[in-house]
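Note sheet for the following structure.
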Amino acid sequence: RKALSDVVFNGEVMPGNQWVSPKSPYFQQQFPVPGRDVAKAKKLLADAGMATPVAVDFMIPNNPESRQAAEVIQAMAQEAGFDMKIRVTEFATSLKEAEEGRFQAFFIGWSGRVDPDGNSYIFHKCKAPQNNGHFCDKDVDQWLDDARKVGKLEDRKAIYAKIADKYLREGSIIYLYHRLVIIAHTAKLEGYTQLPDGLVRVVGVKLRP
């Protein structure tokens, strides 16, 4: 993850492994971002009885950033015994392909939400509209619903901890990074506050002469 951040994004993304950034109050510290472990990956393949290299259809949207990131992932995965066969696809077509299950791995981003529900419910719940990996677990479904019924951060975070414990081991999404919000403005600007969702809001903002 760090290599991907440094090589492709010049350090302008934050490595992550959950559906919220490590800066979020909902980030589960007991599940830190893991480092790269090629030996462990090779052992897992060997224990599973897989002949290497393991060919993987790797679909990516057609843009320079995705292609560069995919090539870095391809090179690193090759060391562990995977042959990531990059399939460059137009963005709208890639979404349709994913929806219909015509992929093995799909490199895709998400604009992100401040609240963890917006980053998890439609991806993790059984038969949810963006659950393209078809992960389905009755406990996770119940916990996702439970998290919508409580308001205190501590109570919700405890529920999401149970989801993370299961999903990070069994789920169909591998989270890689979160984009940093970088905003530049003149020193004459007053009253501007940047919120974590990255959107620019100018209510109450003034520009001094």
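Each reported figure results from applying straightforward, stated rules to the coordinates on display, with no laboratory input. Treat the numbers as computed from the prediction; the structure is a model and nothing was measured. Cβ placement follows ideal geometry from the backbone for every residue including glycine, while neighbour counts extend to all protein chains displayed.
What the table shows:
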quantity	calculated
C-alpha long axis of helix 153-170 to longest principal axis of the chain, angle in °	20 degrees
Shape category assigned to segment 148-209 from the gyration tensor of Cα positions, a/c cut at 1.5	oblate
Centroid-to-centroid separation of segment 104-173 and segment 40-64 [C-alpha atoms, Å]	24 Å
Max mean-square fluctuation residue, GNM over the chain, Cα-Cα springs under 10 Å, options VAL20, VAL38, VAL72	VAL38
Listed residues LYS23, LYS152, LYS85, most fluctuating in the chain (Gaussian network, C-alpha, under 10 Å)	LYS152
Per-selection metrics, the chain (Cα): Rg and Dmax in Å	19.3, 70
Cα gyration tensor, segment 25-92 - rounded (a/c under 1.5), prolate or oblate	oblate
17 Å cut-off, amide nitrogen to a point 7 angstrom out along ALA187 Cα→Cβ, residues in segment 195-209	207-209
Flagged links, alpha-carbon separation over 19 Å, of LYS2/LYS85; LYS23/LYS188; LYS23/LYS157; LYS2/LYS157; LYS138/LYS162	LYS2/LYS85; LYS23/LYS188; LYS2/LYS157
Candidates ALA77, ALA184, ALA41, ranked by Gaussian network fluctuation over the chain, Cα under 10 Å, top entry	ALA184
Given the chain, longest segment not containing exposed loop GluC sites (Glu not before Pro) (DSSP; at most 16 other Cβ within 10 Å)	101-209
Cα gyration tensor category, rounded, prolate or oblate, for segment 127-184 with a/c compared to 1.5	oblate
Size of charge dipole - the chain - debye, nearest 20, with Cβ of Lys, Arg +1 and Asp, Glu -1, no other charges	540 debye
Which of LEU168, PHE123, SER111, positive extreme of dipole for segment 39-182 (C-beta unit charges)	LEU168
Sorted largest first, extent of segment 82-174 alpha carbons per principal axis (Å)	43, 25, 21
